[in-house]
1. Report for the chain the percent antiparallel among DSSP-assigned beta bridges with both residues inside it, nearest 5.
2. What accessible area, in Å² to the nearest ten, does a 1.4 Å probe give for HIS293?
3. Counting only Cα, what are the radius of gyration and maximum Cα-Cα distance Dmax of the stretch 195-235, in Å?
4. Would you mind computing Rg(Cα) / (2.2 N^0.38 Å) for the stretch 176-313, counting N as its residues?
5. When the convex hull of the Cα atoms of the stretch 242-301 is projected onto a plane and the area is averaged over all directions, what value comes out in nm²?
6. In Å, what is the Rg of the alpha-carbon atoms in the stretch 230-269, and how long is Dmax?
7. Given the whole protein assembly as supplied and a 1.4 Å probe, what does the accessible area of THR177 come to in Å², nearest 10?
8. Rounded to the nearest Å, what's the spacing between the alpha carbon centres of the stretch 194-210 and the stretch 41-77? Just the number, please.
Amino acid sequence: MDNLEEAATAIKMHDNFVLTTHINPDGDALGSLMGLGLALLNAGKNAVMIMPHPIPVAFQFMPGSRQVQKTSDVLARFDLGITLDCTDITRAGEEAQKVLQRAGKLLNIDHHISNQYFGDLNVVDPQAAATGEIIYDLLLKAKMPVTSEIATNLYTAIITDTGSFQHQNTTAKCLRTAALLLDCGAAHRVVQQHLYEQRSLESLRLLARGLESLSLNEEGTVAWMTISRDSLYSSGAAVDDSEGLIDYVKSLKGVEVGIVFKEVNPSEIKVSFRSNNYLDVNKLAAHFGGGGHERAAGCTINGELGDIEQLVIRKTEEQLFAMNENSGGPRK
């Protein structure tokens, strides 16, 4: 992996770090943040983990979650800033960018194919199933111990980004890494319980409302679900409770692209894309200023919910049509 040796040298030679990840963090973002952060702290380094908002409730079981500080409370300067799982520096948020600008150098660690290589040093591996997988390799390269707490965080990162090893990004390497993390003491049962067996009543009510909105295009190749502010209010749920709903959408027989529209704020719509076999949804998301992976990507679009739905569905169908035309017929 390019620059892994340089990154290991950088974290060994410096003592003063600030670490952050992207806004609206998922399990990979938080697992990577707290996995590396705890490793640095255990090595006697000064490592400050920052986020603009509190850790989502679903991930507060993760070791180190109480040590993550509010970005606006951090005023110090640092030797090395580290971004984790961020395709672009703007994904960290404005406040975090100001903190990172006070660091001597910036290390960018990510696994998205759409990464912009914005760091002074970039460790980007699109073949990795999760950024947490890269962090494990980095710790081995730096000869830093992987405790059970660190292992639990990195295991969470891999579990969530592979959909419990169901997504197409599941590789032999990530399975081997997961096994090694279990050997290090990763708390598999704890992770499974908190992520998949403790859904709130509100989240299930939100699922019911989301399924009521489920729609399918005429060809049966595109399906979508809409989570409006009204559905959030009527179910008593929060936006975080909508995580995982897209798996229901893409599971429809014959569907190539599943989409979830989330009205996170008035006129601010978060769009998540998943494809099953062939459409590159990273390119689709990039058209709207987002990005991600070939089979999983997302973006945020400002505007009216209904207008954005029509715009996105039309563009999705256009890309599907173009791919089928170029391949000589409908893809199977």
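1. 40
2. The accessible area comes out at roughly 50 Å².
3. 12.4, 36
4. That works out to 1.14 for the stretch 176-313.
5. On the way: hull surface 15.5 nm².
Its average projected convex-hull area is 3.9 nm².
6. Taking only Cα atoms of the stretch 230-269, I get Rg and Dmax of 11.9, 33 Å.
7. 10
8. 27
The values are calculated or read from the model by the stated rules, or taken from the named source; none is laboratory data. Model, not experiment: these values are computed from the prediction. When we count neighbours, we look across all protein chains shown, and the Cβ atoms used for this are built from the backbone with ideal geometry, even at glycine. All accessible areas refer to the heavy atoms of the entire protein, side chains included, with ligands and DNA or RNA removed. Shrake-Rupley method; radii C 1.70, N 1.55, O 1.52, S 1.80 Å.
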